[in-house]
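K.L.:
This is the structure I have questions about; it appears just below.
The values are calculated or read from the model by the stated rules, or taken from the named source; none is laboratory data. Being a predicted model, the structure only gives us computed values, none of them experimental. Counting neighbours? That spans all protein chains shown, and the Cβs are built from the backbone with ideal geometry, glycine included.
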Amino acid sequence: MGLKTPLHDKHLEAGARIVDFGGWDMPVNYGSQKEEHHAVRLKAGVFDVSHMTIVDIAGDRARDFLQHLLANDVGRVNTPGKAIYTCMLNDDGGVIDDLIVYFFTDSSYRLVVNAATREKDLAWIRKQAEVFDVRVGERAELAMLAVQGPEARALAAPVIDEGWREQALALKPFTAMHAGDLFVARTGYTGEDGWEIVMPAADAPRVWDRLLAAGVTPCGLGARDTLRLEAAMNLYGSDMDETITPLEAGLGWTVAWEPADRDFIGRAALERQRVEPTQRFVGLLLEDKGVLRAHQRVVVEGLGDGEITSGGFSPTIERSIALARVPAGDYDRASVDIRGKLLDVRIVGTPFVRNGEIRIDV
């Protein structure tokens, strides 16, 4: 038996198929995974993401601490509610985790980190925090729902008290606000618009029921994975881990090199790698029949081999797509070894899909 979110009984009522995910009993789907995927692309879906770890950082040196801890620069966000995406690195530049940081004040921030990495993340954060005299508080009493899709905010708005509703609807992407007992952020992991809503755990079943009554489709981890793959959003443990740097995972844009004297953990290792990159992180579109999967070998003639990090069938494009680490170089064709047969793939820009629109030539 794994850990359970406050919505576990609701998932069972809805007929969810439950699987272990990072030690949590989580719904993988409630019926047709493909229908859940399309619900998010076309209307709205809700995901229980209460397994994610919410950590509040507080103290006079909170900003200095996070500028040291993280590859992106929290000094860039100084408007209450503003958020940035970043990686937390080890000394070798490997990714301990990827996360979102929300700015409240110079002495108060919120982190949302991955469920499967909770224990090592908290241990690392607390260890690094010791010399900065900041408080690290896990908010295990909170639950979180992600409402995603082109109609998500309109359908979810009634769960926000009327006094806060207009302000919540006016939030810009990657900003957040407190709305009474709710914390509402215009963020997500699907490539669609929407909110991630944090609330006291006891309130989550009521909010869930209201969303479903409003016509929002319950969605599981299966659809979440195909949606994030189409949006080319990295999955920790697949596309990056402690042996892979942001520069090797297509996340160079999350590294703030300026100011040059900001000595964040892992910077020296990244500076060395930055000079002579040996790999590219790319999108692949299969041009033959088959399915691209993680760990399949990518063959680049004359340059060597790479590897698919995430792959699968895209319900929106109706083709097989993948993210892959391949040898550095200027080329747009390769092959993938699928059961001993080399099949043609085209290297394409990412994201594959964003806001319901196919962004690649198919």
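K.L.:
Taking the residues in the stretch 212-231 that are among the small types (G, A, S) and touching a residue at least 24 places away in the same chain (Cβ under 8 Å) as candidates, determine which candidate is farthest from T190 (Cα to Cα).
P.N.:
Checking each candidate, the answer is A214.
K.L.:
Further question: Of everything in the stretch 75-124, what is touching a helix residue (DSSP H, G or I) at 6+ places or on another chain (Cβ under 9 Å) and free of Cβ contacts under 8 Å to residues at least 12 places away in the same chain? Give them in sequence order.
P.N.:
Once the filter is applied, which keeps residues that are touching a helix residue (DSSP H, G or I) at 6+ places or on another chain (Cβ under 9 Å) and free of Cβ contacts under 8 Å to residues at least 12 places away in the same chain, the stretch 75-124 yields nothing.
K.L.:
Quick check on the stretch 15-40: of everything there that is more than 26 Å from V101 (Cα to Cα) and assigned to a helix (DSSP H, G or I), which residue is nearest to the chain's Cα centre (by Cα)?
P.N.:
Within the stretch 15-40, the match that is nearest to the chain's Cα centre (by Cα) is H37.
K.L.:
Mind telling me which of the residues Q33, Q67 ends up being in the same structural domain as T226 (by TED's automatic domain parsing), polar (S, T, N, Q) and more than 24 Å from I197 (Cα to Cα)?
P.N.:
Residue meeting the stated conditions: Q67.
K.L.:
Just to verify a result, which residue in the stretch 320-340, among those that are in contact with an Asp or Glu (Cβ under 9 Å, 6 or more places away or on another chain) and among the basic types (K, R), is surrounded by the most Cβ atoms within 10 Å (Cβ to Cβ)?
P.N.:
R325
K.L.:
Being buried (at least 17 other Cβ atoms within 10 Å of the Cβ), modelled with pLDDT of 95 or more and under 22 Å from G2 (Cβ atoms) narrows it down to one of V112, V95, V134, so name that one.
P.N.:
Only one candidate passes the filter, namely V112.
A quick yes/no check of all residues on (1) of a type in the set (S, T, Y); (2) assigned by TED's automatic domain parsing to the domain that holds Q128; (3) not in a loop (DSSP other than H, G, I, E, B):
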| position | (1), (2), (3) |
| --- | --- |
| L229 | no, yes, yes |
| E242 | no, yes, no |
| L247 | no, yes, yes |
| W253 | no, yes, yes |
| L270 | no, yes, yes |
| L285 | no, no, yes |
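K.L.:
OK, next. Could you count how many residues in the stretch 106-129 are over 19 Å from the mean Cα position of the chain (by Cα) and farther than 13 Å from L89 by Cβ?
P.N.:
Within the stretch 106-129, residues that are over 19 Å from the mean Cα position of the chain (by Cα) and farther than 13 Å from L89 by Cβ number 7.
K.L.:
For the stretch 70-79, give me the residue count where each residue is among the small types (G, A, S) and either surrounded by 20 or more Cβ atoms within 10 Å (Cβ to Cβ) or in contact with a Leu (Cβ under 6 Å, 6 or more places away or on another chain) (or both).
P.N.:
Number satisfying all stated conditions: 1.
K.L.:
If you scan the stretch 257-272, which residues turn out to be surrounded by fewer than 19 Cβ atoms within 10 Å (Cβ to Cβ) and of a type outside the set (K, R)?
P.N.:
Matches in the stretch 257-272: W257, E258, P259, A260, D261, D263, A268, A269, E271.
K.L.:
Now a separate question. Quick check on this structure: which one of K82, K10, K34 is surrounded by fewer than 16 Cβ atoms within 10 Å (Cβ to Cβ), of a type in the set (K, R) and at pLDDT 95 or above?
P.N.:
K34
K.L.:
Condition first: surrounded by fewer than 23 Cβ atoms within 10 Å (Cβ to Cβ), of a type in the set (G, A, S) and farther than 23 Å from M88 by Cα. Can you find one or more residues in the stretch 233-253 that meet it?
P.N.:
There is no residue in the stretch 233-253 that is surrounded by fewer than 23 Cβ atoms within 10 Å (Cβ to Cβ), of a type in the set (G, A, S) and farther than 23 Å from M88 by Cα.
K.L.:
In this structure, is M144 surrounded by 20 or more Cβ atoms within 10 Å (Cβ to Cβ) and closer than 22 Å to P80 by Cβ?
P.N.:
Judged against the criteria, M144 is a match.
K.L.:
Within the stretch 43-63, which residues are surrounded by 24 or more Cβ atoms within 10 Å (Cβ to Cβ) and in contact with a Phe, Trp or Tyr (Cβ under 6 Å, 6 or more places away or on another chain)?
P.N.:
I57, A62 - these are the residues of the stretch 43-63 that are surrounded by 24 or more Cβ atoms within 10 Å (Cβ to Cβ) and in contact with a Phe, Trp or Tyr (Cβ under 6 Å, 6 or more places away or on another chain).
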